[in-house]
Protein chains: 2
Amino acid sequence: MTLTVLFAASDANWQAYAEPLRTALAAAGLTAHLTRNATPETVDYIVYAPTSPLQDFAPYTRCKAVLSLWAGVERIVGNPTLTQPLCRMVDPALAEGMVEWVVGHALRHHLGMDRHIVNPARIWDPTCPPLARERPVAMLGMGELGTACARALTALNFPVTGWSRTPKSIPGIPCLHGAEGLTQALSSAQIVVTLLPKTPDTENILNARTLSLLPKGAAILNPGRGALIDDEALLSALDTGQIGHATLDVFRVEPLPQDHPYWAHPRVTVTPHIAADTRAPSASRVIAENIRRSEAGEPLLHKVDRQRGY
Amino acid sequence: MTLTVLFAASDANWQAYAEPLRTALAAAGLTAHLTRNATPETVDYIVYAPTSPLQDFAPYTRCKAVLSLWAGVERIVGNPTLTQPLCRMVDPALAEGMVEWVVGHALRHHLGMDRHIVNPARIWDPTCPPLARERPVAMLGMGELGTACARALTALNFPVTGWSRTPKSIPGIPCLHGAEGLTQALSSAQIVVTLLPKTPDTENILNARTLSLLPKGAAILNPGRGALIDDEALLSALDTGQIGHATLDVFRVEPLPQDHPYWAHPRVTVTPHIAADTRAPSASRVIAENIRRSEAGEPLLHKVDRQRGY
């Protein structure tokens, strides 16, 4: 039987994915027709990104799963027409890219690189930074990506404390949770990384109150979601020096508008949503594996819990 | 019996080391008199840095070892008056600091951070860099420091090829050696790290010929010794774009003179000899351990081979 797989994402996605997806589906032993146009009632699976015009999932009565191309599903999870199982993208290459961005920018702040990269006065100040083992890091969010980053930073001797909303136990990484745990994690962190999903509970988790808990001069790295940060509060904390620097990869509006104060702030570095990119070949293998599992009656990977929102 | 340990280094060194060294000597069970002034014939051990005026070791007839505070010994190893055993500093904290500098700047080049750190035109270009697994690195020098850096880069998926003058076998890291091996290592490296000792064989190892072997646009990281690079050849290769960027921590003359072309070159980042600093507490423990070994008739750690020069 030939499966009908509807590709509902942007034109650019189609160009990147058509070939790798067909290859991955065949490699998984599936006979599938991958298409951008199909009668809704005939569709077996939907490969989805919110850049698609598809917003009403009700007519897709035969559809067995919606497979997101994105790790973040906040733009689809609340859709009331979506009754089919929804799977997040957990691309192994995405975690690799995220680890590289987080470790790279953590080391950049740790070593104080910027004063050497831009040094028109030719200042030679051989004061050494402390060692990474003397630089506490708080990792807010201990899902696949947060855990991978925490492990990589730990391997470089950074003392990493993980934090998540609900209790987690991860070998080798002390983990805190809940409101009290957040206060404790922030109270000593010189670098804070935000890698939480966007949910009503995590929106503005870095705000005037929580930013004030940090030691003066702490650095913020946000490769997670723009909405995790109260932008006004962060700008105020940067103005006073309470926060020494923020390197931000994600924003409430993207591309970041040209007149946004982040662009001009001397203590902010903007990176253009590049921390973690889904890579077509590895992401296609994840999607094909989930279709194979579904057809074989095996549990889906990375299925979204509608209650939690991720 | 009380040992006389002469501290022959700078005033700044004395301020940093007097207390940690006394602590470490006592902790090693040694009864020692640590001093900056002693009759040469009474001295049992010399703790040494080339910033000391001491250049004639002949009068130190009872001295059982000269213990360098520095990892590099090229400014003392050729001293004809030095007949006592000489030990390099191999400080565990020094390797940690070196790994942080090398991994941090490798990731900086890999991720193309500079165009985000300095971005007055507010350019939002979400083109992702390749993954580290697609960015070959050549590590020239596979001693303690080079090996530690190669391991840390390998853990982040960079394909690292080690190179040393003589054959080495290091689990998990392909190692080349000799002139042919150097050609092979450089031919594919997008990032080259120079962590060789300075010897007549390694001086100017990066020169017009070897720089031309690299793929166009490769980055150079030199936290080793200034003399490993032919400065004129590097500047020419930077001018043509054959080398995309050089981040240099060590120079033939330090501090780097204010009129040196490296300061002004848009493709050069100068860091002020901070890649690896000897840290007094851990370095003091290494020195005390070597004195304990010598007194107990055990072999010295990190003894310099006068033939090889390190």
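Given a Förster distance of 56 Å, report the FRET efficiency between B:W14 and B:T127 from their Cβ-Cβ distance, rounded to the nearest 0.05.
Working: r = 52 Å, r/R0 = 0.94.
The value I calculate is 0.60.
Amide H to amide H under 5 Å from A:A32: which residues, 5+ apart in sequence or cross-chain, H placed 1.01 Å off N in plane?
A:L3
Dimensions of the range B:115-235 along principal axes (Cα, Å, largest first)?
48, 36, 22
If you take every DSSP beta bridge whose two residues both sit in the range A:93-270, what share of them, in percent to the nearest 5, is antiparallel?
On the way: 1 of 24 bridges.
Of the beta bridges lying entirely in the range A:93-270, close to 5 percent run antiparallel.
How much FRET efficiency would the formula 1/(1 + (r/R0)^6) give for A:R36 and A:D305, where r is the Cβ-Cβ distance and R0 is 22 Å, rounded to 0.05? Let's see the in-between values first.
Numbers: r = 29 Å, r/R0 = 1.34.
It comes out at approximately 0.15.
Taking the beta-carbon count within 10 Å as an exposure proxy, list B:S212, B:S169, B:S294 from fewest neighbours to most. Mind showing how you got there, number by number?
Working: B:S212 14, B:S169 8, B:S294 19.
Final ranking by Cβ density, sparse to dense: B:S169, B:S212, B:S294.
So if I place +1 on the C-beta of Lys and Arg and -1 on the C-beta of Asp and Glu, and nothing else carries charge, what would the dipole magnitude of the range A:93-270 be about its Cα centre? I want it in debye, nearest 20.
Values: 14 positive and 16 negative charges, 90 e Å.
Dipole magnitude for the range A:93-270 comes out near 440 debye.
Before anything else, pin down the relative contact order of the range A:239-310: Cα pairs under 8 Å, at least 6 apart, normalised by residue count, whole percent. Intermediate values should be presented prior to the final figure.
On the way: 36 pairs, mean separation 17.7, N = 72.
Here the relative contact order equals 25 percent.
Would you pull out the residues with amide H under 5 Å of B:V160's amide H, same chain only if 5 or more places away, H placed 1.01 Å from N?
B:V137
Once you treat every alpha carbon in the protein assembly as shown as an equal point and sum by Debye, what is log10 I(q)/I(0) at q = 0.06, 0.11 Å⁻¹?
Debye output, listed in q order: -0.40, -1.12.
Would you order B:K198, B:K64, B:K303 from fewest to most other beta-carbon atoms within 10 Å of each residue's own beta-carbon?
The order, fewest Cβ neighbours first, is B:K303, B:K64, B:K198.
Taking each pair of distinct Cα atoms in chain A once, what is the resulting Kirkwood hydrodynamic radius in Å?
On the way: mean 1/r = 0.0478 Å⁻¹.
Answer for chain A: a Kirkwood hydrodynamic radius of 20.9 Å.
Given a cut-off of under 8 Å on Cα pairs at least six residues apart, what relative contact order in percent is computed for chain B?
Reported as a whole number, the value is 19 percent.
Using +1 at the Cβ of each Lys and Arg and -1 at the Cβ of each Asp and Glu in the range A:237-301, identify which of A:S282, A:P266, A:L248 lies farthest towards the dipole's positive end.
It is A:S282.
How many lysine pairs does the protein assembly as shown hold where the Cα atoms are under 26 Å apart and the two sit 8 or more places apart or on different chains?
Close lysine pairs found across the protein assembly as shown: 10.
Hey, fewest Cβ within 10 Å first, where do B:Y45, A:Y310 land in order? Before the final figure, lay out each step's value.
On the way: B:Y45 28, A:Y310 19.
Fewest-to-most Cβ neighbours within 10 Å comes out as A:Y310, B:Y45.
Can you give the extra length, in nm with one decimal, that the chain gains between A:A208 and A:H177 once fully stretched, where that is 0.36 nm per residue apart less the Cα-Cα distance?
Values: separation 31, 0.36 × 31 = 11.16 nm, distance 1.99 nm.
Here the answer is 9.2 nm.
Output, in nm with one decimal and in ascending order, the distances from the A:P80 label point to the matching label points of the other copies (7 Å from Cα along Cα-to-Cβ).
9.5
For the range B:61-77, take each phi angle, set θ = phi - 60°, evaluate the Karplus expression 6.51 cos²θ - 1.76 cosθ + 1.60, and give the result in whole Hz per residue in order, putting x for glycine and proline.
Using θ = phi - 60°, the values come out as 5, 9, 5, 8, 6, 10, 10, 6, 7, 9, 6, x, 10, 5, 7, 10, 5 Hz.
From the helices alone, meaning DSSP H stretches of at least four residues, give me the mean residue ellipticity at 222 nm for chain B, per-run term -39500 (n - 2.57), in deg cm²/dmol to the nearest 500. If you can, show how the numbers build up before the last one.
Working: 9 runs with 100 residues, N = 310.
Value at 222 nm, helices only, nearest 500: -10000 deg cm²/dmol.
With a cut-off of 8 Å between alpha carbons and a minimum separation of six or more residues, what is the relative contact order of the range B:93-270 in percent? Don't skip to the answer; put the middle values down first.
Numbers: 306 pairs, mean separation 29.6, N = 178.
After rounding, I find 17 percent.
Starting from the amide H of B:A246, placed 1.01 Å from N in the peptide plane, find each other amide H under 5 Å away whose residue is 5 or more places distant or on another chain.
Correct list: B:I220, B:V268, B:T269.
Every number in this text was worked out from the coordinates using simple rules, so none of it is lab data. The model shown is predicted, which means the values in this text are computed figures rather than measured ones. Don't worry about glycine lacking a Cβ; one is built from the backbone with ideal geometry, like all the others, and counts go over all protein chains shown.
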